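What follows is a single structure, written as structure tokens, with notes after it.
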Amino acid sequence: MTQARKLAAGNWKMNGNRAALAELEALARAHPDPSVDILICPPATLIQTASAAMADTAIQIGGQDCHAKESGAHTGDISADMLIDAGATSVILGHSERREDHEESSEDVRAKARTAQAAGLVAIICVGESLDQREANNTLDIIGGQLAASLPDGCTAANTVVAYEPIWAIGTGKVPTTAQIDEVHDFIRTRLIRRFGEAEGGALPLLYGGSVKPGNAVEIFATDNVDGALVGGASLKAGDFSPIISALEAST
Ligand code: PEP
């Protein structure tokens, strides 16, 4: 099986103004020649400035969402093409906060992913179970259903990343055991290979997300089929995100 590329991705959510660009500059100074991909997804207002500031660095900039339509009468929304025009290379889609706050279904996520990929963005597609679903032993059924419905046909290792983010671990400080992460990632990998073939499904990066911190990153990255992390809170400060990137580099 081809080795998936490693990715440390930060999701700033609705945090950060222009002053926060200093954190990006610090991150770029700390990782001038990284052996893994580094991506920061700031709020939409910062994408253009951040991508210009990071142009000569190894740090890529991404969006946190895009619309399923290419353009049109959708007040307040952002198209995939606009993200690219602003300098983004990737976009997070189907984050649990968008599935919940904006009632996005997996079918909505699939439509967005198709548009994002067609525009030339890497779609980082999030899946994850709630605590109730885990406690009812439904985790794999839920993840299987979300994967099948959220990923468009024709996903490749170059245009798609899957992030497993148990909802109960996001922003809570609670982290699944490595056995639990291993079980879900192994399941996702099998489904990806079955649907997209060994070459693409086997090499499509598979991230873990949910309370990744400098103190638990080494253990998480040592888990099979974990090709990196989608990091919320700990991506806001270079001093927290940098050791997570270094742990990923050391795991390769
Ligand atoms: C996230 O929102 O994708 C996330 C993983 O957040 P945190 O790292 O803060 O749990």
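No lab work stands behind these numbers, since they all come straight from the coordinates. Quick caveat: nothing in here was measured; it's all calculated off a predicted structure. Virtual Cβ from ideal backbone geometry, glycine too; neighbours counted across all protein chains shown.
Listed values, structure above:
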| quantity | calculated |
| --- | --- |
| Cross-link pairs 6/69; 6/112; 174/237 - those with Cα-Cα distance over 28 Å | 6/69 |
| Order by protection proxy (mean Cβ within 10 Å, highest first), peptides 34-43, 20-29 | 34-43, 20-29 |
| Quotient of C-alpha Rg and 2.2 N^0.38 Å, computed over the chain | 0.93 |
| Pairwise centroid distance, computed over Cα atoms, of the stretch 29-62 with the stretch 65-125, Å | 19 |
| Cα-centre dipole for the chain with unit charges at Cβ (Lys and Arg positive, Asp and Glu negative), debye to 20 | 240 |
| Contour minus Cα-Cα distance for residue 249 and residue 22 (0.36 nm per residue) | 79.4 nm |
| Label zone at residue 15 (point 7 Å along Cα-to-Cβ), backbone N below 17 Å, the stretch 195-239 | 209-217, 229-239 |
| Distance (nanometres) between label positions extended 7 Å along Cα→Cβ at residue 237 and residue 174 | 2.5 |
| Estimated inter-spin distance, residue 135 and residue 158, nm [label 7 Å along Cα→Cβ] | 4.6 |
| Helical mean residue ellipticity (222 nm; -39500 (n - 2.57) per DSSP H run of 4+; nearest 500) of the chain | -12000 deg cm²/dmol |
| For q = 0.16, 0.17, 0.21, 0.23 Å⁻¹, Debye-computed log10 I/I(0) when each Cα of the stretch 1-116 counts as one equal scatterer | -0.78, -0.87, -1.19, -1.32 |
| For the chain, share of DSSP beta bridges that run antiparallel, in % to the nearest 5 | 0 |
